[in-house]
1. Can you bin region 143-233 into rounded, prolate or oblate? Criterion: square roots of the alpha carbon gyration tensor eigenvalues sorted a ≥ b ≥ c, rounded for a/c under 1.5, prolate for a/b above b/c, oblate for the rest.
2. Between Ser154 and Leu257, how many nm apart are label points set 7 Å from Cα along the C-beta direction?
3. In bins 5 Å wide, starting from 0, what share of all Cα pairs of region 62-119 does each bin hold, as a percent?
4. Dipole magnitude of region 143-233 about its Cα centre, charges +1 at Lys/Arg Cβ and -1 at Asp/Glu Cβ only, in debye to the nearest 20?
5. Amide H of Thr389 versus every other amide H placed in the peptide plane: which residues, excluding those fewer than 5 positions away on the same chain, fall under 5 Å?
6. Mind scanning Lys173/Lys282; Lys138/Lys373; Lys62/Lys138; Lys62/Lys218 and naming the pairs with a C-alpha gap bigger than 32 Å?
7. Work out from phi, with θ = phi - 60° and the Karplus expression 6.51 cos²θ - 1.76 cosθ + 1.60, the ³J(HN,Hα) of each residue of region 360-377, listed in order in whole Hz, and give x for Gly and Pro.
8. Would region 169-221 count as rounded, prolate or oblate if I go by the C-alpha gyration tensor, calling it rounded below 1.5 in a/c and otherwise prolate when a/b exceeds b/c, oblate otherwise?
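A short reminder: the numbers here are calculations on the coordinates, not readings from a lab. Please read all numbers here as calculations on a predicted model, not as lab measurements. All Cβ positions, glycine included, derive from the backbone under ideal geometry; neighbour counts span all protein chains shown.
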Amino acid sequence: MKSKFKKFSTRRGFGKALLVLSAVVVIPAVRPVVAQAPVPAVNANRVVGTVTAIGTGLLTVKTDAGVERKVTVPEGIKLQRIAPGEKDLSKAATIQFADLAVGDRVLVRLAPEPTSDPVTAISIVAIPQADLAQKQQKDREEWQRNGVGGLVKSVDAGTGLVVITSGAGATQKTITLHTTPATILRRYAPDSVDFNQAKPAPLEVIQVGDQLRARGTKSADGLDVAAVEVVSGSFRNISGTISSINQANSTLTLKDLVTKQNVTVHVGQDAQMRKLPETMAKILASITQAGTKAGDSGTAGAGANAAGQARAQYGAGNGQPAGGQAGGQAGAQGGNGRTPGGMGADAGGGRRGGDLQSMLSRAPAIHLSDLQKGDAVMLVSTQGTAEVTAVTLLAGVEPLLQAPASTQNMLLSNWSMSSGGAEAAQ
C-alpha cells in the first residue's frame, strides 16, 4: 500500500502537497492568536486550506490567500485523518464526513470536472483543528525554552557560524549559532515578520544587520547554540516623532531621527502595534542608557539593577515569578563583574534572555486611532526611503529616543521579530 502511494505521489504530485499540508502545521503562527498555516496556490488538481463551513455533502475551504472554494463531497470517497507533521499516509486513519469540523486543515484532491465551483472531491486528508492547536502550543513552548534572537553581527557560510547580538544596553550579549546542513533555514518575506510567510533560503542570504531568530540546544551560558531552525529577515528600523496622521488612508508621517528625512508610513491591519507604559519606558531607558557607558562599572550596575527591576515588575515571560527576584539580585551585582549583563547571563543557561522581548510583548496593543501628532514612535518597516509599510510599531518611547540608534535597533529586534512561537521569547 505504501509503495503504491509513493508511485501515485510521484505521478500526480499529490504526495508533495501532502508534505506541504503536514509540514506547515508543525510551525505555529506568529501572532498571539493562532493563525492559519500557509498553503500552496490553488490549482486544478487540489485545494489546500481550512474548512470554514460544512453542509450536506459540501465543504467550504478557505486558503490563506483568501480564496474560498466550494467542494462537493460524494459518498464513498476516501477521507483520512493524519497527525500534524505526519508525512506518511500509511499512518492515516479512515474517517467519515461527519468527523470533519470547521477549523480543520484539509488537502482535497479534485476530480478533473467541473473546474469551477462547486468542484468535486476525489479524496480528502484532514488534520483536526484540536490536534493542530495542541501541536502549535507545543512548538511555541519549544521556541520559548530554546529560542534566541537579535541582530546578525557576522555570517560564515563556510563554517556555518552565525554570530548575533541580543539585548540592548546593559542586557546586550553576543551569541554564536552553529548551523549544519540539517538546520532548517527560512527567510521572512520583505514586508512581513509572519513566520508563516517565511520561505526556505540558504545561509548565504543572511546579511550583517539582519534580524534573526533561532532555536536549538544552548550551552550552559546560553551563548552558543546548536541551531535546529533559523529564520531571518532584512527590515528598516525607524525612530521619530509623528508629524501627521491620515486615518482615512491608514498612514502617518514622521521624521526619521537618523536620516532627518520625512517618511510616510502605511499602517495595515496586520501591523503589530503596542504602547509602552510610562514606567516600563523609563526602566528600559535606564537599561539602554547605562549600557552605553561600558567603562563605568557603577553605571553598568545601575543598568543591570534596572533590568532586574524590569523583570520583577513585568515578568520574564516564563511563568516563574521568582525570576524577577533573581533578576534584581543579579542586577545588584552587575557592577562588579560577577553577573555581566544582569539579564540573560544567569546560571540557567540564558533562560532570562527573553526578558526584553517578553516585556515588550506585554505592552498594551493599540491602533492607529490611538496615536496623536507629536507622539514618539519606534518601528520596524519594509525597506524604503520616503515611503514604507509598518511591520511593528512601538509608541510611548519618548524616554528611549536618547539612546544611540544602534541601541534602539537592538531594542526593536528583541520584540519585532517573531518565530515559530507566538511572540517567542529569545
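1. rounded
2. Computed distance between label sites Ser154 and Leu257 equals 3.0 nm.
3. 4, 14, 25, 25, 21, 11, 1
4. So the magnitude is around 180 debye.
5. His266, Thr382
6. Flagged as over cut-off: Lys138/Lys373; Lys62/Lys218.
7. So the J values, rounded to whole Hz, are 5, 5, 7, 4, x, 6, 9, 10, 4, 5, 7, 8, 9, 4, x, 5, 8, 9.
8. Oblate, since a/c reaches 1.5 and b/c is not below a/b.
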